[in-house]
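Values quoted throughout were computed directly from the atomic coordinates according to the rules given, and no laboratory measurement underlies them. In this text, all values refer to a predicted model and were calculated from it rather than measured experimentally. Every residue, glycine as well, gets a Cβ built from its backbone with ideal geometry; the counts of neighbours run over all protein chains shown.
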Amino acid sequence: MKNLTVRKNRKKKYCVQVMNDGKRTYRYYYTKEEAIAQLDKIKGNKLLGLAPEIAAETVVCLQKLDGKATLSEAVEFFLKNAITDTEAPVISVATKQFVKWLEESGRSKSHVRTTSIHLKAFTEEFGDKVPSVITTLRMSEWIKKLSADHKHSPRTKLNQIGTAKNFLGWAKTQGWINSVPAVDERILPRQEIKEPEIYSAEEARAFFSLLEEQFPQLIPHFAVRAFLGLRTSEAERLSWDDIDMENKMLRVRAKKTKLGIARTLDEDLVPPTAFAWLKAYRENGVFKVSKHYAEKLAKTFPMKKNAWRKTFATMLTSLRKNQQETMYATGHTSLSTLKTHYAGAKQAKREAEAYFAILPRNLP
């Protein structure tokens with residue numbers, strides 16, 4: 001099968017040449033369509049011992065490339081991408097081996113965790129197939145499907161594609177595939193990054209006044225989100241043991257963060273606003289908001305999705321010149337991430353100062 005070639009003849013333009021046990025056979029055809037039909041028949045006979053989806057892939061290759069490439073290129077494409085290694089593990093198993101290899105190679109926990117997350121969509125699509133089945137056509141179809149999914153941002157989708165290619169590159173070193181499928185990633189639609197939804201200093205002041213009047217027990221939860229930039233999950237998993245009130249320090253432990261990266265927030269990194277609120281409402285305050293209170297609060301104040309963390313990052317970005325400090329405070333891993341999400345909503349310094357000047361009515 002590997003010796004299958006196509007060449008042109010002066011009278012009959014297309015020649016299908018097959019090598020069977022060292023014996024060469026030629027058949028000539030006037031039209032490309034006749035040659036393709038014969039080629040399909042030959043491949044069908046040759047692929048009887050393979051899985052049904054591989055035999056089907058033969059026809060798909062030719063149909064997709066028809067009119068866009070020569071018959072010779074179609075055959076070359078098939079031979080290069082559609083040969084199955086039946087001894088290789090399926091992708092759901094192989095990706096776990098890849099992640100384990102990363103761990104043993106000394107990669108950071110956050111890198112290993114992020115790789116696992118980015119491989120999820122690829123594994124859901126191809127988990128029951130061996131790596132060599134993933135041809136350029138199948139990768140292309142998967143990326144088109146990925147681009148139609150509005151659950152993830154364009155950057156996340158590119159990371160998913162890049163991680164899938166890294167896995168396939170590793171699979172090549174294991175001898176499970178001959179080459180890594182090359183796909184034009186530009187088929188992903190460009191998406192304009194919208195300005196993050198944030199609260200103004202006036203809105204934030206009104207919100208905390210409402211909490212003081214009606215929901216004082218919820219103040220610690222919202223104080224660490226609004227003035228320290230903790231994610232909702234990080235705030236809910238927080239305990240008073242993580243806070244050094246005397247030195248105004250708060251420790252977000254690695255096991256409680258999204259990326260597994262610990263960070264310490266203190267007066268050198270962030271304004272002390274949150275610590276004033278925590279000190280004033282430590283006695284009866286909680287870090288986890290029940291569903292009952294969340295629904296009750298939403299009826300009283302129009303909540304914006306994940307806006308407190310975005311507001312904190314935007315205001316701190318507007319207040320500080322050193323964006324490296326803001327990156328550490330928010331727990332991001334790069335300045336580019338910070339700029340992508342928050343730079344477009346930068347506020348006046350006076351607005352940022354007014355935001356961090358929001359304090360309890362009765363300071364202890």
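Starting from the Cα gyration tensor of region 133-181, take the square roots of the eigenvalues, sort them a ≥ b ≥ c, and report rounded, prolate or oblate (rounded when a/c is under 1.5, otherwise prolate if a/b is larger than b/c, else oblate).
On the way: a/c = 3.96, a/b = 1.85, b/c = 2.14.
Oblate, since a/c reaches 1.5 and b/c is not below a/b.
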**Asked** What's the center-to-center distance, using Cα atoms, between region 95-144 and region 290-325 in Å?
**Response** 34 Å
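Mind scanning K291/K346; K145/K172; K96/K304 and naming the pairs with a C-alpha gap bigger than 29 Å?
Numbers: K291/K346 33 Å; K145/K172 25 Å; K96/K304 38 Å.
From the list (K291/K346; K145/K172; K96/K304), the Cα-Cα distance tops 29 Å for K291/K346; K96/K304.
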**Message:** Sort 164-174, 225-235 by the packing proxy (mean of other Cβ within 10 Å over each peptide's residues), most packed first.
**Reply:** 225-235, 164-174
